[in-house]
1. Is it true that residue 39 is aromatic (Phe, Trp, Tyr), crowded, with 17+ Cβ neighbours inside 10 Å, closer than 30 Å to residue 228 by Cβ and without any contact (Cβ under 8 Å) to a residue 60 or more places away in the chain?
2. Return a yes/no flag: does the range 218-235 have any residue that is among the aliphatic types (A, V, I, L, M), over 17 Å from the mean Cα position of the chain (by Cα) and open to solvent by 20 Å² or more (accessible area, probe 1.4 Å).
3. Report, ordered by the first and then the second residue, all pairs with beta carbons closer than 9 Å, sequence separation of six or more or different chains, a first member in the range 205-223 that is in a loop (DSSP other than H, G, I, E, B), and a second member that is open to solvent by less than 10 Å² (accessible area, probe 1.4 Å) and of a type in the set (D, E, K, R).
4. Residue 166: in contact with a strand residue (DSSP E or B) (Cβ under 8 Å, 6 or more places away or on another chain), within 22 Å of residue 81 (Cα to Cα) and open to solvent by less than 60 Å² (accessible area, probe 1.4 Å), yes or no?
5. If you go through the range 135-163 one residue at a time, how many are surrounded by 13 or more Cβ atoms within 10 Å (Cβ to Cβ) and not aliphatic (A, V, I, L, M)?
6. Among the residues of the range 189-199, are any in a helix (DSSP H, G or I), open to solvent by less than 30 Å² (accessible area, probe 1.4 Å) and modelled with pLDDT under 95?
7. Enumerate the pairs (first residue in the range 137-164 and farther than 20 Å from residue 243 by Cβ; second residue anywhere and among the polar types (S, T, N, Q)) with beta-carbon separation below 7 Å, excluding pairs fewer than 6 apart on the same chain, so at least 6 apart or on different chains.
8. From the list 241, 250, which one is among the small types (Gly, Ala, Ser), surrounded by 17 or more Cβ atoms within 10 Å (Cβ to Cβ), in contact with a helix residue (DSSP H, G or I) (Cβ under 9 Å, 6 or more places away or on another chain) and at pLDDT 95 or above?
Amino acid sequence: MSAKKGLHLTLKIWRQKNSKTKGQFETYKISDVSTDSSFLEMLDILNENLINEGKEPIAFDHDCREGICGMCSLYINGRAHGPDTGITTCQLHMRMFKDGETIVIEPWRSAAFPVIKDLMVDRSAFDRVMAAGGFVSVNTSGNTLDANAIPVPKEDADRAMDAAACIGCGACVATCKNGSAMLFVGAKVSQFALLPQGRVEAKRRVLNMVKAMDEEGFGNCSNTGACEIECPKGISLENIARMNREYMAALVDQG
């Protein structure tokens, strides 16, 4: 039985030294890529080839490679995380591509996500939005209640868990024509707003997080829905609607 034939590919990859310099696409050839390998493993092979040739390897983000951390964020052939749905870049396999295909690989495109180098971007804007209110303050005086002592309707618990599935990869921002972070912030607001533990700071939280989002330079939502489609965790647009309701209620209460 003959061995499975590997893929021969042309890669057009964005190269950029830092956020202050201009970047450009550079073309690379790679051969005998196994269809069973992941997209990041293919990039590992390319980098090994470049190093052996005395050339600078391509910088790209990755960590867990299990679709959990949200670090591996590439724009592949015009789609966030590539030509598959419900996956992160590290879960994309080369069987999704054809022999002889040209693959265009770019970093996230957003003013709020400046390029660090090549395919790596700075997503610390998300961290600052979270620091503005993405948490629950807990009284640790010794009079705290066990979490299970507070009854939560199953429907609310399920919705909160669905919102909390957001891994902060930034695909929603990258795929949005406005560079909006509304799906990300909506998910983080919703995961607390749906639970009794999160209601104490609900108004302050949504006001602060939306303010931080605007200050970071993210665009506004125009209800295109591309964010939900490309989100690897399937975060629903309902979370944006919930955040808007929470925000309006907080503004009215604020007077």
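The values are calculated or read from the model by the stated rules, or taken from the named source; none is laboratory data. Everything quoted here is computed from the prediction, not taken from an experiment. Using ideal geometry, Cβ is built from the backbone for each residue, glycine included, and neighbour counts are taken over all protein chains shown. Side chains are part of the model used for accessible areas, which takes the heavy atoms of the whole protein and leaves out ligands, DNA and RNA. Shrake-Rupley method; radii C 1.70, N 1.55, O 1.52, S 1.80 Å.
1. yes
2. No - not one qualifying residue is present in the range 218-235.
3. none
4. So residue 166 does not fit the description; no.
5. Residues that pass the stated criteria total 4.
6. yes
7. Qualifying pairs under 7 Å: 138/144; 150/197.
8. The unique qualifying residue is 250.
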